[in-house]
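Just below is one structure, and these are the notes that go with it.
The values are calculated or read from the model by the stated rules, or taken from the named source; none is laboratory data. Predicted, not measured: the structure shown is a model, and the values here were computed from it. All Cβ positions, glycine included, derive from the backbone under ideal geometry; neighbour counts span all protein chains shown. SASA here: full protein model, heavy atoms, side chains in, ligands and nucleic acids out. Shrake-Rupley method; radii C 1.70, N 1.55, O 1.52, S 1.80 Å.
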Amino acid sequence: MINKQDIRSLGEEALIALFAQIGEPSFRAKQVHEWLWQKGVRQFEQMTNLPKTTRKKLEARFEIRSLVIVAQQVSLDGTAKLGFRVFDNETVEGVLIPKGERMTACISSQVGCSLNCKFCATALLPRKRNLDFFEIYDQVVLLNQLALEMYGVPLSNIVFMGMGEPMLNYINVKRSIEMISSPLGLGMSPKRITVSTVGIWKMIRRMADDALRVNLAISLHAPTNEKRGAIMPINETNGLDEVIDALAYWYEKTGTRPTHEYVMLQGVNDNLDDAKLLADICKRVPSKVNLIEYNPTGDGLFERSSGNRTMAFKRELERLGVIANVRKSRGRDIDAACGQLANKSGLSGQDR
Ligand code: SAH
């Protein structure tokens, strides 16, 4: 069977044009838009204020390719991981992270990943395809529902830190952010959204030009090209100088400081000289540092830096005037922590 087009790929204007074309009044297009984006319905028949004939017309031409939850695990610390099936039977994962007042959704932007960072489990999955913007949006809707069910509060923050590289699927990421923050969508402030990138410098500049008003996190992980290149192959084509210049451009355009993510790998990037070099980078662009606890991925290649080493690294950064926080790992017992998303929740092939 040939797949029909997802009606959500039409923006509001295209929807209005379509309604004119099929001889329906434009206010109906607005109603459909509301059902799709604000009320998140999954079937045309749920659009109860539309005449049956209109629903049938839509059904004949379109479908709604909603994500389906096929796995759910809850960690001892309250973190929950969802496995989502997309229309072509691939799966991606999203994570709900409750912490104090914050209720954060961590969402994926691609099926698999092409970056091959040596310390990340998602690197084991081949990159299959980009997620469509409504597939990214759906993850937010479903994680928001889960937040309400489990904790009685809606999402407060969204981070693009799940599977995939957002800046290699920029158009869809941008469109999803626009819908998430639109009053015609979820109406969440873009200030509550963080896009994390491995450092595709061209796209960082593009995002600065597009004035998306989100927060930017950069997976830095090492302060020299030599060390970074050894653990992140992308550094070969997106070297530190270009990335830092792009971050400076981001800061100049948006006035918001980027955050450097820095996974602490014992004996690899965690000595005090590394901290000094990292502080030098922070002098080139006003920025903050998040020191991330390494989550084992099962290959034994790396070890987490000890608590003492991490604290010494943090203190050195602070001594040099840099704001640094240590990010404790969450959801590790269910492979939901940073770098652990690898579709291991028993999902594979068609038999889900
Ligand atoms: N591709 C984007 C989005 C992924 S975000 C990016 O690279 O930023 C996931 C974050 O977790 C990144 O900072 C990533 O480098 C980090 N990470 C990957 N593997 C990890 C691991 N094993 N332990 C801790 N953090 C890890």
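Brief remarks on what is shown
- Test: residue in segment 70-80 that is farther than 30 Å from ASP333 by Cβ and either free of Cβ contacts under 8 Å to residues at least 12 places away in the same chain or open to solvent by 10 Å² or more (accessible area, probe 1.4 Å) (or both): no
- Among residues of segment 127-144, those that are farther than 22 Å from GLY11 by Cα and of a type in the set (S, T, N, Q), counted: 1
- From the options ALA222, ALA208, ALA246, residue that is under 25 Å from SER329 (Cα atoms) and touching a residue at least 12 places away in the same chain (Cβ under 8 Å): ALA222
- All helices (runs of 4 or more DSSP H) inside segment 157-272 with 3 or more residues being touching a helix residue (DSSP H, G or I) at 6+ places or on another chain (Cβ under 7 Å), open to solvent by 10 Å² or more (accessible area, probe 1.4 Å) and more than 10 Å from the ligand (Cβ to nearest atom): 170-181, 201-210, 240-254
- Whichever residue in segment 326-344 is touching a helix residue (DSSP H, G or I) at 6+ places or on another chain (Cβ under 9 Å) and either β-branched (Val, Ile, Thr) or surrounded by fewer than 20 Cβ atoms within 10 Å (Cβ to Cβ) (or both) and, among such residues, is farthest from MET264 (Cα to Cα): LYS344
- Scanning segment 108-130 for residues that are in a loop (DSSP other than H, G, I, E, B) and either away from the ligand (no atom under 13 Å from the Cβ) or more than 13 Å from the chain's Cα centre (by Cα) (or both) yields a count of 11.
- Per the conditions (1) free of Cβ contacts under 8 Å to residues at least 40 places away in the same chain; (2) open to solvent by less than 60 Å² (accessible area, probe 1.4 Å); (3) out of contact with any Ser or Thr (no Cβ under 7 Å at 6 or more places or on another chain), the sole criterion not satisfied by GLU24 is (3).
- Which listed residue is away from the ligand (no atom under 15 Å from the Cβ), open to solvent by 80 Å² or more (accessible area, probe 1.4 Å) and in contact with a helix residue (DSSP H, G or I) (Cβ under 9 Å, 6 or more places away or on another chain), from ILE281, ILE323: ILE323
- Filtering segment 132-146 for residues that are more than 19 Å from ILE334 (Cβ to Cβ), surrounded by fewer than 22 Cβ atoms within 10 Å (Cβ to Cβ) and within 16 Å of the ligand (Cβ to nearest atom) leaves an empty set.
Per-residue answers, yes or no, for (1) of a type in the set (Asp, Glu); (2) at pLDDT 95 or above; (3) under 24 Å from GLU165 (Cβ atoms):
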position	(1), (2), (3)
ARG28	no, yes, no
TRP35	no, yes, no
PRO51	no, yes, no
PHE62	no, yes, no
GLN72	no, yes, no
GLY83	no, yes, yes
GLY100	no, no, no
MET103	no, yes, no
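- Residues being open to solvent by less than 40 Å² (accessible area, probe 1.4 Å) and more than 31 Å from the chain's Cα centre (by Cα) - total across segment 29-57: 2
- Close pairs from segment 296-325: first assigned to a helix (DSSP H, G or I), partner within 12 Å of the ligand (Cβ to nearest atom) and basic (Lys, Arg), Cβ under 9 Å, at least 6 apart: THR310/ARG304
- A Cβ distance below 9 Å, combined with a sequence gap of six or more or placement on separate chains, defines the contacts here; from segment 152-175, residues that are on the phi > 0 side of the Ramachandran plot reach residues that are more than 12 Å from the ligand (Cβ to nearest atom) and open to solvent by 20 Å² or more (accessible area, probe 1.4 Å) in the pairs GLY164/ASN130.
- Residues satisfying the stated conditions in segment 113-124, i.e. within 15 Å of THR91 (Cβ to Cβ) and surrounded by fewer than 20 Cβ atoms within 10 Å (Cβ to Cβ): LEU124
- Every condition in (1) within 13 Å of the ligand (Cβ to nearest atom); (2) among the β-branched types (Val, Ile, Thr); (3) surrounded by fewer than 22 Cβ atoms within 10 Å (Cβ to Cβ) holds for ILE97 except the one numbered (3).
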